[in-house]
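Read the figures in this text as sums done on the coordinates, not as results from a lab. Keep in mind the model is a prediction, meaning the values are calculated, not measured. We place every Cβ from the backbone using ideal geometry, glycine too, and count neighbours over all the protein chains shown.
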Amino acid sequence: MNIASKPLVFRFDCPWCGTKDVSFKSCAWCIASPVRYSDWFGECGHCYRGVVVSVPPNVRVEDAQDMYRTRDSSFGEVTIAPTLPSTGAPPHTPANVERFFEQGMANLSGQWDAAGAMFRKALDTALTAKFPDIKGSLAQRIQKAGDDGLLTSDMAEWAHEIRRLGNEAVHEDDPFSEGDARVLHSFTDLVLRYLFTLPGMMAVARAGAGEEADPSA
Ligand SMILES: [Zn+2]
């Protein structure tokens, strides 16, 4: 373990508070032999939580964020612990739905109204894209999709328990609580996986199996 008398500053997106490109103050690092990776302990300038950034040999920790962002592994892989939560929509989600989901994720570090509204919008757009013939309020459409076997009955049932989806007493203008936003995030993520990721993976797997089974290929 090496201790610096003067702190070094590097920038990263904080996995704890979600602040983008925040300064981390670092006074301690170690170099792991024989791989010569260096592990830097940093303190977030916003929430004061700690992270460990591991950088390959011959890479400055100040340059690590750019390599992490662009997945540039020409010198080796840069990692951060704890892991940054993924902010992307589940695989195979259509682009217009993904846009709303990502805006929800970008606000899931304290802007609960914006996050909640964007997850609702992602859900709304996803159901419209998948089932254009099902009309009505969001809650009604989820119910109908559940009744028709297009969503699982567990999902439709859970939707009713989500304050901002199933509870008619909640007014559209009511602010989202942190709990509202987080549960809506989990539900939206699950629905997108069911509607888009599973069928998408299935199509990929079948296409792969088809290629293998084709003797002329
Ligand atoms: Zn932080």
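Modelled label positions at Glu62 and Thr152, each set 7 Å beyond Cα in the direction of Cβ, lie 5.1 nm from each other. Summed over qualifying helices (DSSP H, 4 residues or more, each -39500 (n - 2.57)) and divided by its residue number, the chain shows a 222 nm mean residue ellipticity of -13000 deg cm²/dmol. By a straight-distance test (C-alpha under 25 Å), which lysines pair with Lys25 as possible cross-link partners, with residues fewer than eight away in the same chain excluded? Within the straight-line cut-off, Lys25 pairs with Lys6.
The charge dipole of the chain, taken about its Cα centre with unit charges on the Cβ atoms of Lys, Arg (+1), Asp and Glu (-1) only, comes to about 580 debye.
Using the Cα gyration tensor of region 40-90, with a ≥ b ≥ c the square roots of its eigenvalues, what is the shape: rounded (a/c below 1.5), prolate (a/b larger than b/c) or oblate (neither)? Intermediate results must be reported in sequence, preceding the final value.
On the way: a/c = 2.20, a/b = 1.12, b/c = 1.97.
Taking the square roots of the gyration eigenvalues as a ≥ b ≥ c, region 40-90 is oblate.
Once a ≥ b ≥ c are taken as the square roots of the eigenvalues of the Cα gyration tensor of region 46-125, is the result rounded (a/c under 1.5), prolate (a/b larger than b/c) or oblate (a/b not larger than b/c)? Oblate shape, in that a/c is at least 1.5 and b/c is the bigger or equal ratio.
When the Cα atoms of region 2-81 are aligned to their principal axes, the ranges along those axes come out at 33, 31, 17 Å in descending order. Between Asp154, Asp189, Asp13, the GNM of the chain built on Cα springs shorter than 10 angstrom shows Asp154 fluctuating the most.
If you take the Cα centroid of region 119-161 and the Cα centroid of region 42-100, the two points sit 34 Å apart.
Can you give me the relative contact order of the chain as a percent, contacts being Cα pairs under 8 Å and 6 or more apart? Please list the in-between numbers first.
Working: 296 pairs, mean separation 29.6, N = 217.
Here the relative contact order equals 14 percent.
Excluding same-chain neighbours fewer than eight residues apart, the lysines reachable from Lys130 by a Cα-Cα span under 21 Å are Lys121, Lys144. Placing unit charges on each Cβ (+1 for Lys and Arg, -1 for Asp and Glu) gives the chain a dipole about its Cα centre, and among Cys47, Val183, Ile142 the Cα reaching farthest toward its positive end belongs to Cys47.
Our compactness index for region 85-141, the C-alpha radius of gyration over the empirical 2.2 N^0.38 Å, is 1.15. Computed about the Cα centre, the dipole magnitude for region 95-211 is approximately 320 debye when only Lys and Arg (+1) and Asp and Glu (-1) carry charge, each at its Cβ.
The charge dipole of region 2-81, taken about its Cα centre with unit charges on the Cβ atoms of Lys, Arg (+1), Asp and Glu (-1) only, comes to about 140 debye. When the chain is treated as a Gaussian network with alpha carbon springs shorter than 10 Å, the biggest mean-square fluctuation among Val204, Val78, Val61 belongs to Val204.
Determine how many Å³ per residue the convex hull of the Cα atoms of region 132-204 encloses.
Working: hull volume 7.4 nm³, N = 73.
Per residue, the Cα convex hull of region 132-204 comes to 102 Å³.
Calculated translational diffusion coefficient of the chain (10 °C, 1.306 mPa s; Stokes-Einstein with Kirkwood radius over alpha-carbon pairs) equals 79 µm²/s.
Between the residues Ser33, Pro199, Leu151, the greatest Cα displacement towards the positive end of the dipole of the chain, with unit charges on the Cβ of Lys, Arg, Asp and Glu, is found for Ser33.
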